[in-house]
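**Student:** Take a look at the following structure, please.
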């Protein structure tokens, strides 16, 4: 065990990445799935590569299991983030989304960000 790891008390917060999408089916959502999940993976890679905690360890990211286009998917994502120790979330999207259906319901207790193109 390194000296850095010996000094840690508790778990370090992780960054949650929320790939949100226009949830309308029949071609709209389906055409954006890969692009949206690629944005989430690229964001996670950028953060993990360039950000470090004060003790020098890289910041870990947690990505939602699926894109988020509705309330049920947002709730599953919030549950995953809570179990994983997420301390901040970033929502990424290449498109317009229904805000109330994709809202980060876990988020009032931690900082949130939004990245759209």
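**Student:** Is it fair to say residue 65 is surrounded by fewer than 19 Cβ atoms within 10 Å (Cβ to Cβ), in contact with a helix residue (DSSP H, G or I) (Cβ under 8 Å, 6 or more places away or on another chain) and at pLDDT 85 or above?
**Tutor:** Answer is yes for this residue.
**Student:** Taking the range 72-90 as the region of interest, how many residues are within 20 Å of residue 28 (Cβ to Cβ) and surrounded by fewer than 15 Cβ atoms within 10 Å (Cβ to Cβ)?
**Tutor:** Residues in the range 72-90 being within 20 Å of residue 28 (Cβ to Cβ) and surrounded by fewer than 15 Cβ atoms within 10 Å (Cβ to Cβ): 1 in total.
**Student:** Next question. Tell me whether the range 34-54 contains one or more residues that are farther than 14 Å from residue 16 by Cβ, in contact with a helix residue (DSSP H, G or I) (Cβ under 6 Å, 6 or more places away or on another chain) and surrounded by 13 or more Cβ atoms within 10 Å (Cβ to Cβ).
**Tutor:** Within the range 34-54, none of the residues are farther than 14 Å from residue 16 by Cβ, in contact with a helix residue (DSSP H, G or I) (Cβ under 6 Å, 6 or more places away or on another chain) and surrounded by 13 or more Cβ atoms within 10 Å (Cβ to Cβ).
**Student:** So which residues in the range 91-117 are assigned to a helix (DSSP H, G or I) and either surrounded by 14 or more Cβ atoms within 10 Å (Cβ to Cβ) or at pLDDT 85 or above (or both), if there are any at all?
**Tutor:** Result: 101, 102, 107.
**Student:** Same structure, new question: Scan the range 26-42 for residues that are farther than 11 Å from residue 68 by Cα and in contact with a strand residue (DSSP E or B) (Cβ under 6 Å, 6 or more places away or on another chain) and jot them down.
**Tutor:** Of everything in the range 26-42, those that are farther than 11 Å from residue 68 by Cα and in contact with a strand residue (DSSP E or B) (Cβ under 6 Å, 6 or more places away or on another chain) turn out to be 39, 40.
**Student:** Only residues in the range 65-78 that are over 17 Å from residue 95 (Cβ atoms) count as the first member; pair them with residues that are part of a helix (DSSP H, G or I) and at pLDDT below 90, Cβ under 7 angstrom, at least 6 apart or cross-chain, and list the lot.
**Tutor:** What qualifies is 71/101.
The values are calculated or read from the model by the stated rules, or taken from the named source; none is laboratory data. No experiment lies behind these values; they were computed from the predicted model shown. Using ideal geometry, Cβ is built from the backbone for each residue, glycine included, and neighbour counts are taken over all protein chains shown.
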